[in-house]
Amino acid sequence: MLIIRNKKWMERNVLRNEGELVGMIKGCTRTCGLLGNPVEHTLSPMIHNTLAESTERELVYVPFCVPQGGIEAAVRGAEALNILGLNVTVPYKSAVIPFLHDIDPFAERIGAVNTLVRDIDGFKGYNTDLPGLYRAMCDDHVDIEGEHVLILGAGGVARAVAMLMVEKGAKEIILMNRTLQKAERVAREVNEFSGTKTARGISITSIGELSDKQSYLAIQATSVGMYPNIDEVIIEDDTFYDKVHVGYDLIFNPSSTRFMEKVQEKGGRAYNGLKMLLYQGILAYELWTGEEVSAQNINKVYKRLLEVQKNETKDAI
Ligand code: ATR
C-alpha cells in the first residue's frame, strides 16, 4: 500500500516538474550559456538558472562543449542565434579574444575574458573572475590596500591576481613559483603595467627570503590540492605558515584544502574560492541583464552552491 502511494506521488511529482520545465521556456525566452571544454561539471547553469528563476526573467543558461579549434565558429554561431550572453572557460579564455568586436580594458590587460555580452555589433568581452575575487575578499573583510601579498603560482590565474592586487593598492607583491623565471617574468609585467616596483618573483622554496617582521596575505593560485589530489599542498614547510595571517585558496573543491588547514593551524584566517565563483557569476548576470542582483538573491545562490559543495566530490569549473 505504502509502495503504491509512493509510486503515485512520484508520478504526479515528475509530471508536475515536467510541466514546470515546459512552461519555463517560452517564445520570448533568451539564452545564455557557457563555452568551454570540458563543461560537464560546471556549476554555472545552477548559478544563472537560479538567478533567472529568482528574478523572474525569461532566460535559460546552458553549457556548450566547444570542440578543439571551434571557438570562432561558436562565437559566430552564438551571434547568429542572438544568444544574449556567454561565459567562457578553459581552454578558451584567451583564444576567444580575436573574435570579439570589443573588449573591456581590464580584461584586455589581463589577456583573458570569461564573460561575453551581446550588443548590436557582436560580443564584447569582460573579465568578471577578478572583480569576483575582489568582491569575495570584501565580503570576507580581507583588505588589500597597503598589504604585503604572496601569490603562490605564476600561471595565467596568478598573473591576473597580481594585476588585481597592484590595482587595489597592495604595498608589496611576491610571486612564489616552482619555476623562478616565470615568477620573475610575471613580476616584471605587473611592474610595467603599474609603473611601480611593487612586484618581485622568488622560488617557491625560498621561504627564507620572506621578511620575519612581516605577516602576509597569501593567495594560492595553482591547482595543487584540488580534488582528487586533496592531500597535496603547494608548500609543506610549516614555518611558511607562521608568516601568513590570511590564506585565500582559489580552489573550492574540496571546501577546505590542506593549504587552508595549514594557515588555520597557525592561527590565520582561511577562505576558499567558492565566493569568487559566486561573484563572477553575479557580475556576469548583471552585465547580461543590466540589473543589480539583490543581496537576498545572492544569498540564495550561495546557499545552493554550499549545498552542492557539500554533496559533490567532483571537480567543477
Ligand atoms: P593557470 O593558467 O590556470 O594559472 P598554468 O598557466 O598552467 O595554469 O599555471 C599553473 C601554475 O601552477 C604554475 O605556476 C605552475 O608552476 P610552474 O610555472 O613551475 O609550472 C604551478 N604548479 C602546477 N603544479 C604544481 C606543483 N605540483 N607544484 C608547484 N607548482 C605547481
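A short reminder: the numbers here are calculations on the coordinates, not readings from a lab. Keep in mind that what you see is a predicted model, and the values were worked out from it rather than measured. Here Cβ is always computed from backbone atoms with ideal geometry, including for glycine, and neighbour counts include all displayed protein chains.
Given Leu283, His245, Gly267, which one lies farthest toward the positive end of the charge dipole of region 236-286, if we put +1 on the Cβ of every Lys and Arg and -1 on the Cβ of every Asp and Glu? Checking the options against the dipole of region 236-286, the answer is Leu283. The average projected area of region 213-274, computed from the convex hull of its Cα atoms over all directions, is 3.6 nm².
Working from the Cα coordinates of the chain, the gyration tensor eigenvalues give, after taking √(5λ), semi-axes of 37, 25, 16 Å in decreasing order. Once the Cα atoms are used to define both axes, helix 180-194 deviates from the longest principal axis of the chain by about 80 degrees.
Scanning residues 5 or more positions from Ala270 or on other chains, those with amide H under 5 Å from its amide H are Gly247, with H placed 1.01 Å from N in the peptide plane.
For region 141-158, backbone phi angles converted through the Karplus equation (6.51, -1.76, 1.60; θ = phi - 60°) give residue-by-residue couplings of 6, 9, 7, 10, 4, x, 7, 9, 10, 9, 10, 8, x, 8, x, x, 5, 4 Hz, Gly and Pro being listed as x.
Between beta-carbons, use under 11 Å as the cut-off and find the net charge around Asn87, counting Lys and Arg +1, Asp and Glu -1.
Neighbourhood net charge equals 0.
Grab the other residues whose beta carbon is less than 14 angstrom from that of Glu189, score K and R as +1, D and E as -1, and report the net.
Value of the local net charge: +3.
When the charge dipole of the chain is built from unit charges on Cβ atoms (+1 for Lys and Arg, -1 for Asp and Glu) and taken about the Cα centre, the candidate among Ser44, Val161, Val190 whose Cα reaches farthest toward its positive end is Ser44. Taking amide H positions as modeled 1.01 Å from N, with prolines and chain starts lacking one, the residues under 5 Å from Thr115 and 5 or more places away or on another chain are Val88, Tyr126, Thr128.
Would you please classify the overall shape of region 155-289 from the alpha carbon gyration tensor, given that a ≥ b ≥ c denote the square roots of the eigenvalues, rounded means a/c under 1.5, and beyond that prolate means a/b larger than b/c while oblate covers the rest? Verdict is oblate for region 155-289.
Remind me, relative contact order of region 30-184 in percent, using alpha carbon pairs under 8 angstrom and six or more residues apart?
Computed value for region 30-184: 17 percent relative contact order.
Note on the chain: with charges restricted to the Cβ of Lys and Arg (+1) and Asp and Glu (-1), its dipole about the Cα centre is near 660 debye.
Taking amide H as placed 1.01 Å from N in the peptide plane, the amide H of Ile204 sits under 5 Å from that of Asn177, Arg178, each at least 5 places away or on another chain.
With respect to the chain, whose longest principal axis is taken over its alpha-carbon atoms, helix 71-80 is tilted by about 40°. Across region 43-52, coupling constants 3J(HN,Hα) worked out from phi with the 6.51/-1.76/1.60 Karplus curve, θ = phi - 60°, read 9, 4, x, 5, 4, 7, 6, 5, 5, 4 Hz, and Gly and Pro carry x. Relative contact order for the chain: 15 percent, from Cα pairs under 8 Å spaced at least 6 residues apart, divided by residue count. In whole percent, what relative contact order does region 221-287 give with Cα contacts below 8 Å and a gap of six or more residues? Worked out over region 221-287, it gives 30 percent. Peptides 301-307, 173-179, 251-257 ranked from most to least packed give 173-179, 251-257, 301-307, packing being the mean of other C-beta atoms within 10 angstrom over each peptide's residues.
The phi-based Karplus calculation (6.51 cos²θ - 1.76 cosθ + 1.60; θ = phi - 60°) puts the 3J(HN,Hα) values of region 251-266 at 6, 10, 9, x, 5, 10, 8, 5, 4, 4, 4, 5, 4, 5, 4, 9 Hz, whole numbers, x for Gly and Pro. Computed over neighbours whose Cβ is under 9 Å from that of Leu51, the net charge equals +1, Lys and Arg +1, Asp and Glu -1.
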